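Below: the structure, in structure tokens.
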Amino acid sequence: MGSNAVDDLIEASSGVHYSGFHMEQPRTPEIEQPTTSIDDSFHKQPFIIGVAGGAASGKTTVCDLIIEQLRDQRVVLVNQDSFYHTLTPEELTKVHEYNFDHPDAFDTEKLLRVVEELKQGQAVDIPKYDFKSYKNDVFPLRRVNPSDVIILEGILIFHDPRVRDLMNMKIFVDTDADVRLARRIRRDTAEKGRDISMVLDQYSKFVKAAFDDFILPTKKYADVIIPRGGDNHVAIDLIVQHIRTKLGQHDLCKIYPNLYVIQSTFQIRGMHTLIRDGHTTKHDFVFYADRLIRLVVEHGLGHLPFTEKQVLTPTGSVYSGVDFCKRLCGVSVIRSGESMENALRACCKGIKIGKILIHREGDNGQQLIYEKLPLDIAERHVLLLDPILGTGNSAVQAISLLLKKGVPESNILFLNLISAPQGVHVVCKRFPRIKIVTSEIEIGLNDDFRVIPGMGEFGDRYFGTDED
Ligand SMILES: Nc1ncnc2c1ncn2[C@@H]1O[C@H](COP(=O)(O)OP(=O)(O)O)[C@@H](O)[C@H]1O
Ligand SMILES: Nc1ccn([C@@H]2O[C@H](COP(=O)(O)O)[C@@H](O)[C@H]2O)c(=O)n1
Ligand SMILES: [Mg+2]
């Protein structure tokens, strides 16, 4: 990847470009401080999949199977059929001469507008097409919300390069012509109110030729070709696995391989929704923060080294497993980091936990006030605990202290609940060998260097010091 591409990625992943922002720099009035505002332009880009193939090849069936397997993701299916032009009264009188398999039969400009809006994070109204009346203005329109995954499906969805360019993954469903025709006869007679002779007539006049002239030539654009459509479970499993991997990756993970964002699920989103809600009670805040912390800790422990170990089970069989890394310690950044200690203790019996207190002076200065660390910390893997990574200033102080105590950089795992891109850049650039495990990446920082959207003062909400 060229340096320009990396810069572009950094800029995109930060929401705002902080080219003039350095942690050591005093905040001088003459330097205009960048502001990250929660504007509509920032949102995670959806993963867009295109599914093409001949009519009745099994495209919709394949899409349904992908959606079913991606059940904990927000997925929306957009059919190219919805963008058929409504026939004029004149065209309606000669409907048997109309070629529904030609690229001009579709309103591709409208399709592009709709997908662009969804990409921008806006809800859209999609027309509903009626195969019996040949109209696409059937009310009510289909309301579609922005989603993590958008699937664009249709016979000619790879035809227009502008639509193709929107796609992160292209799938071509490859089914023999005789199977397609047989399925088409069954489907169109059962569902579209046509008789066999009409279906065969349309097939020989338009469908077969259009497949050879327009659909088959787009097969070369596919990343994955699925023979046997919905019957090909191996292909569908592999596709779903790939989508999951891509969805779990924040853009920042592509820049910093040591940044790990735990894979989002509706459960995780739900817990975040609760702890971010300013109206959530202290009791609920603690409950859901604890659940999330436990997930982050468990995920973090997965990055520790292990040794292979075999044990004898009560049945007398050998089980080949692994032995946990024993030389561990936690270090919490007082005060918020202390909220993560219980989860660490619950996972690692008898773990030693040290403490660091860093005082924030104004918005920039960070001063180390107190430290109490195990004497043999240099021989241990350290799980550094702080629920929020904001500017990265405290993290840099804490990590610098651990390094001074002789802890190898690669033995430090920094665990937090939320990370601002600015903090990630600061920490990962300065300490490229430490690992950061977090549950969500934030939009950025506001004028006061507070994480947004954030969740307010974590320590106050967790320990109840914001209540009367
Ligand atoms: N593997 C399959 N075996 C049998 N019938 C199938 C299979 N895949 C799809 N069908 C049937 O064939 C018809 C066309 O499938 P569909 O998925 O709607 O294709 P497309 O969206 O490509 O037109 C549907 O009636 C569907 O139920
Ligand atoms: N009024 C219409 C519109 C389209 N068709 C046929 O539908 C096929 C595409 O839909 P798939 O779900 O099979 O991809 C295409 O072959 C058109 O001929 C139609 O018959 N009537
Ligand atoms: Mg279909």
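The values are calculated or read from the model by the stated rules, or taken from the named source; none is laboratory data. The shown structure was predicted, so the numbers you read here are calculated from the model rather than taken from an experiment. Positions of Cβ are backbone-derived with ideal geometry, glycine not excepted, and every protein chain shown enters the neighbour counts. Side chains are part of the model used for accessible areas, which takes the heavy atoms of the whole protein and leaves out ligands, DNA and RNA. Shrake-Rupley method; radii C 1.70, N 1.55, O 1.52, S 1.80 Å.
On alpha-carbon atoms, Rg over Rh for the stretch 91-211 using Kirkwood Rh?
Working: Rg = 16.1 Å, Rh = 16.4 Å.
Using Cα coordinates only, the ratio equals 0.98.
If contacts are Cα pairs under 8 angstrom and at least 6 residues apart, what is the relative contact order of the chain in percent? Spell out each step's value before the answer.
Details: 777 pairs, mean separation 75.7, N = 468.
So the answer I get is 16 percent.
Can you compute the radius of gyration and Dmax for the stretch 176-228, using only the Cα atoms, both in Å?
12.8, 37
For the stretch 266-412, just list the percent of Cα-Cα distances falling in each 10 Å bin from zero outward, please.
Spelled out bin by bin, the stretch 266-412 gives 10, 33, 32, 18, 6, 1, 0 percent.
Can you give the FRET efficiency to the nearest 0.05 for Val138 and Phe266, using r as the Cβ-Cβ distance and R₀ = 30 Å? Present the calculation step by step, with values, prior to reporting the outcome.
Working: r = 31 Å, r/R0 = 1.04.
About 0.45, to the nearest 0.05.
If you restrict to DSSP beta bridges whose two residues both lie in the stretch 293-374, what percentage is antiparallel, to the nearest 5? Mind showing how you got there, number by number?
Values: 13 of 19 bridges.
Antiparallel bridges make up about 70 percent of those DSSP assigns within the stretch 293-374.
Can you list residues whose amide H is under 5 Å from Thr391's amide H, if they're 5+ apart or on another chain and H is modeled 1.01 Å from N?
Residues meeting the amide H criterion: none.
Take Met198, project a point 7 Å from its Cα along the Cβ direction, then tell me which residues of the stretch 122-139 have their backbone nitrogen under 11 Å from it.
131-134
What list of ³J(HN,Hα) couplings, whole Hz, do you get for the stretch 242-250 from phi and the Karplus terms 6.51, -1.76, 1.60, once you set θ to phi - 60° and write x for glycine and proline?
Per residue, the Karplus-derived 3J(HN,Hα) values read 5, 4, 4, 4, 5, 5, x, 9, 6 Hz.
Is there a quick way to get the dipole size of the stretch 188-333? I mean about its Cα centre, with the Cβ of Lys and Arg at +1 and of Asp and Glu at -1; what is the value in debye to the nearest 20? Don't skip to the answer; put the middle values down first.
Working: 18 positive and 16 negative charges, 96 e Å.
About 460 debye.
Could you order the peptides 456-464, 299-307 from most to least packed, using the average number of other C-beta atoms within 10 Å per residue?
Working: 456-464: 17.4, 299-307: 15.4.
Going from most to least packed, we get 456-464, 299-307.
Let me cross-check Cys325: its accessible surface, 1.4 Å probe, with only protein heavy atoms counted, in Å² to the nearest 10?
Surface open to solvent at Cys325 totals about 30 Å².
Could you work out the relative contact order of the stretch 323-468, using alpha carbon pairs under 8 angstrom and six or more residues apart, expressed as a whole percent? Mind showing how you got there, number by number?
Values: 267 pairs, mean separation 30.6, N = 146.
Relative contact order here is 21 percent.
Would you calculate the separation in nanometres between label points at Asp130 and Lys349, each defined as 7 Å from the Cα along the Cα-to-beta-carbon direction?
Result for the modelled spin labels: 6.9 nm.
Search the structure for amide H atoms under 5 Å from the amide H of His359, placed 1.01 Å from N in the peptide plane, and list their residues when 5 or more places away or on another chain.
Gln367, Leu368, Ile369
Amide H neighbours of Leu445 under 5 Å, counting only residues 5+ apart in sequence or on other chains, H built in-plane at 1.01 Å?
Thr36, Ile452
Angle check, please: helix 393-404 long axis (alpha carbons) against the longest principal axis of the chain (alpha carbons), in degrees 0 to 90, nearest 10.
Tilt relative to the chain: about 60 degrees.
Quick check: the angle from helix 3-14's long axis to the longest principal axis of the chain, C-alpha only, nearest 10 degrees?
Approximately 80 degrees, to the nearest 10.
Using only the alpha-carbon atoms, how far is helix 266-276 inclined from the longest principal axis of the chain? Give it as 0 to 90 degrees, nearest 10.
With rounding to tens, the tilt is 50 degrees.
Over all pairs of distinct alpha carbons, what does the Kirkwood formula give as the hydrodynamic radius of the stretch 356-427, in Å?
Its Kirkwood hydrodynamic radius stands at 12.7 Å.
Nothing charged except the Cβ atoms of Lys and Arg (+1) and of Asp and Glu (-1): what's the magnitude of the dipole of the stretch 303-426 about its Cα centre? Round to the nearest 20 debye.
For this selection, approximately 320 debye.
Bin width 20 Å, origin at 0, all Cα-Cα pairs of the chain: what percent of pairs per bin?
Spelled out bin by bin, the chain gives 20, 43, 27, 10, 0 percent.
Might you work out the accessible area of Leu77 for me, using a 1.4 Å probe with all protein chains in place, and round it to the nearest 10 Å²?
20 Å²
For the chain, build the charge dipole from Cβ charges (+1 Lys, Arg; -1 Asp, Glu) around the Cα centre, then report which of Met271, Gln120, Gly50 sits farthest towards its positive end.
Final value for the positive-end residue is Met271.
By a straight-distance test (C-alpha under 19 Å), which lysines pair with Lys405 as possible cross-link partners, with residues fewer than eight away in the same chain excluded?
Cross-link targets: Lys352, Lys355, Lys372, Lys435.
Can you list the HN-Hα couplings for the stretch 173-180, worked out from phi with the Karplus curve (6.51, -1.76, 1.60; θ = phi - 60°), rounded to whole Hz and with x for Gly and Pro?
8, 10, 10, 4, 4, 5, 5, 4
Take the alpha-carbon positions of the stretch 129-199, form their convex hull, and give its projected area averaged over all directions (one quarter of the hull surface) in nm².
Values: hull surface 27.7 nm².
With the hull built on Cα positions only, its mean projection is 6.9 nm².
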